[in-house]
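Below is one structure; the comments refer to it alone.
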Amino acid sequence: MHNHRTSVTQFIIEEQRKLQGATGDFTSLLNDVTTACKVISNLVNHGELVGVLGAAGSENIQGEEQKKMDIITNDVFLQTNEWAGHLAAMASEEMDDIYHIPDGNPKGKYLLTFDPLDGSSNMDVNVSVGTIFSILRCKGDCQNPIAEHFLQAGTEQVCAGYALYGPSTMLVLTTGQGVNGFTLDMNIGEFVLTHPNMTIPEETREFAINASNMRHWEEPVKRYVDECLQGKEGPRGEDFNMRWVASMVAEVHRILTRGGVFMYPIDEKMKAKGTEGKLRLMYEANPMSFIVEQAGGASTTGRERIMEIQPKELHQRVPVVLGSKNEVERITSYHNE
């Protein structure tokens, strides 16, 4: 036990002091976001004891069946962040349109996007889930924001983070000055800095992909996975491990901790349906790309850097290839050949 441990609040305030003209607005916003994550952590930990498992009997805008927890955690995020006056508006994977700050509440200069419970299908089987969020500056009329205000490239993000509800609850954050990890100390109800300056190992022998889609993959992805599977005898001359948790937060956290590459590529099945990928640009791909790049990794669609994509709509989907730089560059080069 350390005598003095840095809390996430202290960490953010100290970071803010390094910036000229900081008002404390952003610090307070981040404080509200971490509070929302603590509430969700508590709900996730209790599971069926508080009756939050199972289907909600509704669908989100993408036509995916919502779990009860998708709706509950979405409400937690809205209610925790709508009153303090830091936000102009919010957008969530679980809501069709943007969320306007209720009348009577002050409005601020930031926008918040989030996936309140990533990997929620894992809830029922007691496997790790998480929350992903991204903070943008509101440009233009912040008193009357519209969906277009949110359509900023990933490079414009002020902050991105995720909470991982696993054996311990962790919060991983970047404000563009590297990546830091905090663990929730249940005894004091505070996130404490436990993983300063997280970086992704450059060399890795682990890949994560949903192999059940193999028959639909494009040639470059097939080629990469084939080479990994051939192991020591193959062109890579190394044995690889495969992982698949079906929760992007858990996948990215593993990569941050021990390297690897995560792929949710576009495939022929998606093309036939007219979709551009599985994961959402605004709520999943951009925040995770910001974190991964800040930790020394790379993130592309297989063809272009995700953070440079100009979003066309709120719920846009993209293919995702992220993780250890060398592997991502190799996969991207296969696509470009």
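Values quoted throughout were computed directly from the atomic coordinates according to the rules given, and no laboratory measurement underlies them. Worth saying up front: this structure is predicted, and the values here are computed from it rather than measured. A quick note on method: Cβ atoms are made from the backbone with ideal geometry, for glycine too, and the neighbour counts reach across all protein chains shown.
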> When the chain is modelled as a GNM with alpha-carbon springs shorter than 10 Å, which of Tyr264, Tyr283, Tyr162 fluctuates the most?
Replying inline: Tyr264
>> Please enumerate, by chain and number, the lysines with C-alpha under 29 Å from the C-alpha of Lys269, excluding those fewer than 8 residues away in the same chain.
In response: Lys67, Lys68, Lys222, Lys278, Lys312, Lys325
> Which cross-chain or sequence-distant (5 or more) residues have an amide H under 5 Å from the amide H of Cys159, H modelled 1.01 Å from N in plane?
Replying inline: Ile135
> Given H placed 1.01 Å from N in the peptide plane, which residues other than close sequence neighbours of Gly302 have an amide H under 5 Å from its amide H?
Replying inline: Val321
>> Quick check for me: using +1 on Lys/Arg Cβ and -1 on Asp/Glu Cβ, what's the dipole size of the chain about its Cα centre, in debye to the nearest 20?
In response: 500
> Helix-derived [θ] at 222 nm for the chain: sum -39500 (n - 2.57) over DSSP H runs of at least 4, divide by residue count, nearest 500?
Replying inline: -8500 deg cm²/dmol
>> Taking the Kirkwood radius as the inverse of the mean 1/r across Cα pairs, report the Rg/Rh of the range 104-204.
In response: 1.04
>> Let me check against my output: what whole-number percent is the relative contact order of the range 8-195, with C-alpha pairs under 8 Å and at least 6 apart?
In response: 15
> Counting other Cβ atoms within 10 Å of each Cβ, which chymotrypsin sites (Phe, Trp or Tyr not before Pro) in the range 81-139 have at most 16 and sit in a DSSP loop?
Replying inline: Trp83
>> I'd like the isolated cysteines in the chain, meaning no second cysteine's beta-carbon lies under 4.7 angstrom from theirs.
In response: Cys37, Cys159, Cys228
> Ranked highest first by average number of other Cβ atoms within 10 Å, how do 144-151, 249-256, 294-301 line up?
Replying inline: 249-256, 294-301, 144-151
> Which is farthest toward the positive dipole end of the range 1-127 among Phe77, Gly63, Gln20, measuring Cα position about the Cα centre, with Cβ charges +1 (Lys, Arg) and -1 (Asp, Glu)?
Replying inline: Gln20
> For Glu313 and Asn45, what does the FRET efficiency come to when R0 = 56 Å and r is the distance between their Cβ atoms, rounded to the nearest 0.05?
Replying inline: 0.95
>> For a quick check of your reading of the filter: which trypsin sites (Lys or Arg not before Pro) in the range 1-102 sit in a DSSP loop and have no more than 10 other Cβ atoms within 10 Å?
In response: Lys18
> Using alpha-carbon pairs under 8 Å, 6+ residues apart, how would you state the relative contact order of the range 1-106 in percent?
Replying inline: 21
> So what is the relative contact order of the chain, in percent, for Cα pairs below 8 Å that sit 6 or more residues apart?
Replying inline: 15
>> Could you sort the peptides 117-129, 229-241 by per-residue average Cβ neighbour count (10 Å cutoff), highest mean leading?
In response: 117-129, 229-241
> Amide H neighbours of Gln66 under 5 Å, counting only residues 5+ apart in sequence or on other chains, H built in-plane at 1.01 Å?
Replying inline: Ala56, Gly57, Ser58, Glu59, Asn60
>> For a quick size check, give me the Cα extents of the chain along its three principal axes, largest first, whole Å.
In response: 63, 50, 46
> Per residue, what volume in Å³ does the convex hull of the Cα atoms of the range 8-195 enclose?
Replying inline: 128
